[in-house]
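A short reminder: the numbers here are calculations on the coordinates, not readings from a lab. Quantities reported herein were computed from a predicted structural model and do not represent experimental measurements. Note: ideal-geometry Cβ built from the backbone for every residue, glycine included; neighbour counts use all protein chains shown.
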Amino acid sequence: MIDNKVIITVAPTGAWPSKQDNPNIPLQPKEIAEEVYACWMAGAAVAHIHVRDDNNKSSMNFDKFVETVEYIRATDCDIILNLTTSGQLGLKDEERMKHLIALKPEMASYDCGSMNWMHNSVFENSPRFLEKLGLVMQENSIKPEIEIFDAGMVYNALYYLKKGVLKAPLHFQFVLGAPGGMAATVENLVFLKSLIPEGSTWGALGIGKGHLPIMFTTLALGGHVRVGMEDNIYYARGVLAKSNVEFVERARRLILEADKDIATPDEARIILGLTK
Ligand code: ZN
């Protein structure tokens with residue numbers, strides 16, 4: 001029964017962690033692609049991809065996206081690709097969308113508002129950018145993963161739904177525990193989930209120590225899960241993750257223990273209403 005299936009998204013890289021933080025994090029195209037493949041084998045249905053420049057710094061480098069996606073697409077891996085549009089601060093709108101138009105991933109992130117980031121910068125997602133991005137995604141049949149860091153961002157999404165910039169059914173990703181956003185607590189997740197329109201799909205993740213409480217709550221509330229080194233470099237207290245696969249395997253065990261099943265990529269396509 002498709003209602004009982006849980007989608008595991010893996011976010012193997014992110015914008016911030018470095019090899020100094022965790023030497024096992026994949027940062028360059030080939031290592032990201034190999035990690036995604038291994039996570040797919042372990043049960044991940046969606047890969048949320050960031051890339052780094054040649055110095056491993058946060059980047060929206062077009063060629064690195066092309067290289068990473070080509071590596072993955074050259075294999076038999078049918079994982080759903082979800083490319084970030086927010087891999088680097090301070091870019092022009094077009095630099096955050098160019099890879100979507102060229103590579104046409106099935107999904108991409110849509111950060112539904114601006115916020116102060118890490119207490120030292122501004123994560124800017126202007127109304128102009130969000131309107132353009134929503135329309136570019138529609139034109140290219142890319143499903144927005146609406147990332148929510150704060151309750152006001154849900155209301156932005158509802159506004160863009162009304163305006164036709166976003167189309168129902170919406171898919172939300174609640175990102176909890178980012179400095180400057182809502183904390184990774186059970187209460188916050190229950191509240192945020194109560195705000196989204198009926199018929200929406202959603203997932204959630206907790207950054208750092210909120211990771212497991214948010215995963216347990218997500219499973220109890222009927223959402224989908226995201227794991228990976230973008231959100232956690234530690235597998236457990238004081239224990240660095242050996243690979244992203246470890247996180248996927250744990251999510252898989254917890255989903256099965258919760259008497260639910262793991263969605264394959266094709267089942268995830270049905271759940272999310274993707275038009276492959
Ligand atoms: Zn991301």
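Working value for segment 59-150: equivalent-ellipsoid semi-axes of 23, 15, 12 Å, each the square root of 5 times a Cα gyration tensor eigenvalue, largest first.
Under the criterion of Cα pairs below 8 Å and six or more residues apart, the relative contact order for the chain equals 24 percent. Shape class of segment 229-276 from the Cα gyration tensor (axes a ≥ b ≥ c, square roots of the eigenvalues): oblate, since a/c reaches 1.5 or more and a/b does not exceed b/c. Its residue count N sets the reference 2.2 N^0.38 Å, and the alpha-carbon radius of gyration of segment 1-96 equals 1.11 times that reference.
Only the Cβ atoms of Lys and Arg (+1) and of Asp and Glu (-1) were treated as charged; on that basis the dipole of segment 1-127 about its Cα centre amounts to roughly 120 debye. Here r is the Cβ-Cβ distance between Lys167 and Leu89 and R0 is 30 Å; the resulting FRET efficiency, rounded to 0.05, is 0.60. Starting from the 7 Å offset along Cα-to-Cβ, what nm value, one decimal, do you get for the label separation of Glu34 and Arg253? Using points 7 Å along Cα→Cβ, the separation is 2.5 nm. Note on Asp266 and Asp76: the model spin-label points, each 7 Å out from Cα along the C-beta direction, lie 1.4 nm apart. Under a cut-off of 21 Å between alpha-carbon atoms, report the lysines in cross-link reach of Lys260, not counting same-chain residues fewer than 8 places apart. Straight-line reach from Lys260, under 21 Å: Lys5, Lys193. In percent, rounded to a whole number, the relative contact order of segment 135-276 is 18, using alpha-carbon pairs under 8 Å and six or more apart. Relative contact order of segment 127-185: 37 percent, from C-alpha pairs under 8 Å at least 6 residues apart in sequence. Simple spin-label estimate for Phe216 and His119 gives 2.8 nm between the two label positions (7 Å along the Cα-to-Cβ direction from each Cα).
Using 0.36 nm per residue and subtracting the Cα-Cα separation, the extra length available between Ile2 and Lys57 on full extension is 15.9 nm. Between segment 190-205 and segment 62-140, the alpha-carbon centres lie 22 Å apart. The fewest-to-most ranking of Thr68, Thr85, Thr75 by surrounding Cβ atoms within 10 Å reads Thr75, Thr85, Thr68. Counting 0.36 nm for each residue step from Lys104 to Val66 and taking away their Cα separation leaves a gain of 12.6 nm. Computed extension gain for Tyr234 through Ala183, at 0.36 nm per residue and net of the alpha carbon distance, reaches 16.5 nm. Partners of Lys132 within straight-line reach, counting lysines whose Cα lies under 17 Å from its Cα and excluding those fewer than 8 residues away in the same chain: Lys92, Lys98, Lys104, Lys143, Lys162, Lys163, Lys167. Computed from the C-beta positions of Tyr159 and Lys242 and an R0 of 30 Å, the FRET efficiency is 0.10 to the nearest 0.05. Tell me which aspartates and glutamates have Cα within less than 19 Å of Lys242's Cα, excluding those fewer than 8 residues away on the same chain? Counting by Cα, and skipping residues close in sequence, Lys242 has these aspartates and glutamates nearby: Asp21, Glu31, Glu34, Glu35, Glu230, Asp231. Amide H contacts under 5 Å for Glu147: Tyr110, Asp111, Cys112, Gln173, restricted to partners 5 or more places along the chain or on a different chain, H placed in the peptide plane at 1.01 Å from N.
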